[in-house]
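Visitor: Take a look at this one; I'll ask things after.
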Amino acid sequence: GAVVSQHPSRVICKSGTSVKIECRSLDFQATTMFWYRQFPKQSLMLMATSNEGSKATYEQGVEKDKFLINHASLTLSTLTVTSAHPEDSSFYICSVRGRDEKLFFGSGTQLSVL
Amino acid sequence: GQQLNQSPQSMFIQEGEDVSMNCTSSSIFNTWLWYKQDPGEGPVLLIALYKAGELTSNGRLTAQFGITRKDSFLNISASIPSDVGIYFCAGQSNSGYALNFGKGTSLLVTP
C-alpha cells in the first residue's frame, strides 16, 4: 500500500486569504497524485491530477488559477486555494496511486472560509 | 468524471444483520473498489476488484466485480456497531486514471 499524510487536517481562514494544503506520500514515490473535493453529505469529486515535474490536469469547471497545484517532488504535492471565499469551504482530500495501482487517500483537510 | 449509481442511499439496521449495497454504471470499468469513510476522515480502502466475475472477501466483507464490468456489490455479514460509516464504490477505467465515485451508502447499526 501507500501511506499518505495530509496537512493541515482543519483550517479556518478569512475570505480573501490563501490556504495551502500539503499531501505527502510517506513510503512510496508518487509520480501522480489526485486532489478531490467533497461537500457535506456528497461524494468525492475529482478536481485535478497532479503530475510530478509538469503542470496539473484540471477537471472541467475547476479554475486552475484559483486552485494552484504544485508537485515538485515525488513525495509532495500541494494545493493552494487562492483568495478563498465561503463557497470554497469544503473537505479536500488527496490520493496517491500505490505500487499495486490501488488508490490510497489522505485523511483530508476541512476548509472553512469565513 | 462519470458518477456511479450507488444504492441504497442509506441503511438503518440492527447489529448482527447482513448488509448489501451495489453500484452500477453505464460504462465499463477495469477496476472496482470499495471504500469506507468515517466523519472528518479520508476514505479507507476495503476491497479492490480487478477482473470481471471476481469475488473477494476481507473478513466479514465480500465484494464482487460484475460479469458485465458495469456493476459491483458489497456485502457485510453479521454487522457490528463499528461498521457505521459511509461506504463508497469507485470505478477506474484504466490504470493510472482517477476514480469515479458513487454517491455513497450511509450505514447505521444499532446495538
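The values are calculated or read from the model by the stated rules, or taken from the named source; none is laboratory data. These numbers come from a predicted model, not from an experiment. Heads up, the Cβs are rebuilt from the backbone with ideal geometry, glycines too, and the neighbour counts pull from every protein chain shown.
Visitor: Can you tell me how many residues within the stretch A:57-102 are within 24 Å of B:Asn30 (Cβ to Cβ), out of contact with any Phe, Trp or Tyr (no Cβ under 7 Å at 6 or more places or on another chain) and touching a residue at least 40 places away in the same chain (Cβ under 8 Å)?
Guide: Going residue by residue through the stretch A:57-102, those that are within 24 Å of B:Asn30 (Cβ to Cβ) are A:57-60, A:93-102.
Still in the running and out of contact with any Phe, Trp or Tyr (no Cβ under 7 Å at 6 or more places or on another chain): A:57-60, A:97, A:100-102.
The next check asks that each one be touching a residue at least 40 places away in the same chain (Cβ under 8 Å); those that pass are A:97, A:100, A:102.
Here the count works out to 3.
Visitor: If you don't mind, there's one more thing I want to ask. Does the stretch B:61-70 include one or more residues that are in contact (Cβ under 8 Å) with a residue 24 or more places away in the chain and within 12 Å of another protein chain (Cβ to nearest Cβ)?
Guide: Taking every residue of the stretch B:61-70 in turn, none turns out to be in contact (Cβ under 8 Å) with a residue 24 or more places away in the chain and within 12 Å of another protein chain (Cβ to nearest Cβ).
Visitor: If you go through the stretch A:103-114, how many residues are within 12 Å of chain B (Cβ to nearest Cβ) and assigned to a strand (DSSP E or B)? Walk me through it before giving the result.
Guide: Of all residues in the stretch A:103-114, those within 12 Å of chain B (Cβ to nearest Cβ) come to A:103-110.
From what is left, the residues that are assigned to a strand (DSSP E or B) are A:103-105, A:109-110.
Residues in the stretch A:103-114 being within 12 Å of chain B (Cβ to nearest Cβ) and assigned to a strand (DSSP E or B): 5 in total.
Visitor: Oh, and also: Return the residues of the stretch B:102-111 that are at pLDDT below 95 and more than 14 Å from every other protein chain (Cβ to nearest Cβ); say none if nothing qualifies.
Guide: B:Thr110, B:Pro111
The rows are residues; the columns are (1) closer than 21 Å to B:Val109 by Cβ; (2) away from every other protein chain (no Cβ under 14 Å).
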position	(1), (2)
B:Val19	yes, yes
B:Asp38	yes, no
B:Leu46	yes, no
B:Tyr50	no, no
B:Ile76	yes, yes
B:Gly85	yes, no
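Visitor: Please give the strands (runs of 3 or more DSSP E) falling wholly within the stretch B:1-80 in which 1 or more residues are buried (at least 16 other Cβ atoms within 10 Å of the Cβ) and among the charged types (D, E, K, R).
Guide: Values: elements: B:5-7, B:10-14, B:19-24, B:31-37, B:44-49, B:55-58, B:61-65, B:71-76.
Because the criterion is at least 1 residues that are buried (at least 16 other Cβ atoms within 10 Å of the Cβ) and among the charged types (D, E, K, R), the strands (runs of 3 or more DSSP E) in the stretch B:1-80 that meet it are B:31-37, B:71-76.
Visitor: Looking at the structure I just gave you, is B:Phe12 among the hydrophobic types (A, V, I, L, M, F, W, C), modelled with pLDDT of 95 or more and within 24 Å of A:Pro40 (Cα to Cα)? Give the derivation first.
Guide: Values: among the hydrophobic types (A, V, I, L, M, F, W, C): yes; modelled with pLDDT of 95 or more: yes; within 24 Å of A:Pro40 (Cα to Cα): yes.
Taking the combined requirement at face value, the residue satisfies it.
Visitor: I'd like to check something: does the stretch A:18-27 contain any residue that is among the hydroxyl-bearing types (Ser, Thr, Tyr) and either crowded, with 16+ Cβ neighbours inside 10 Å or modelled with pLDDT of 95 or more (or both)?
Guide: Here is the first cut: in the stretch A:18-27, the ones among the hydroxyl-bearing types (Ser, Thr, Tyr) are A:18, A:25.
Of the ones still in play, those that are also either crowded, with 16+ Cβ neighbours inside 10 Å or modelled with pLDDT of 95 or more (or both) are A:18, A:25.
Yes; the residues of the stretch A:18-27 include at least one that is among the hydroxyl-bearing types (Ser, Thr, Tyr) and either crowded, with 16+ Cβ neighbours inside 10 Å or modelled with pLDDT of 95 or more (or both).
Visitor: For the list (1) at pLDDT below 95; (2) in contact with a Gly (Cβ under 8 Å, 6 or more places away or on another chain), I need the number of the one condition that B:Lys51 fails.
Guide: (2)
Visitor: Residues that are on the phi < 0 side of the Ramachandran plot and more than 13 Å from the chain's Cα centre (by Cα): list the strands (runs of 3 or more DSSP E) wholly contained in the stretch A:1-56 that include at least 3 such residues. Quick ask: steps written out before the conclusion?
Guide: Details: elements: A:4-7, A:10-13, A:19-25, A:32-38, A:44-51.
The strands (runs of 3 or more DSSP E) meeting that bar are A:10-13.
Visitor: Additional query: Quick check on the stretch B:68-110: of everything there that is hydrophobic (A, V, I, L, M, F, W, C) and more than 14 Å from the chain's Cα centre (by Cα), which residue is nearest to B:Ile28 (Cα to Cα)? First the steps, then the outcome.
Guide: Applying the first criterion (hydrophobic (A, V, I, L, M, F, W, C)) to the stretch B:68-110 yields B:73-74, B:76, B:78, B:80, B:84, B:86, B:88-90, B:98-99, B:101, B:107-109.
So of that shortlist, the ones also more than 14 Å from the chain's Cα centre (by Cα) come out as B:78, B:80, B:98, B:108-109.
Working: B:Ala78: 31, B:Ile80: 33, B:Ala98: 15, B:Leu108: 31, B:Val109: 33 Å.
My answer is B:Ala98.
Visitor: Which one of the conditions (1) within 11 Å of another protein chain (Cβ to nearest Cβ); (2) on the phi > 0 side of the Ramachandran plot does A:Cys94 fail to meet, given that it meets all the rest?
Guide: So the condition that A:Cys94 fails would be (2).
Visitor: Also: Within the stretch B:83-101, can you find the residues that are at pLDDT below 95 and not in a strand (DSSP E or B)?
Guide: B:Ser93, B:Asn94, B:Ser95, B:Gly96, B:Tyr97, B:Ala98, B:Leu99
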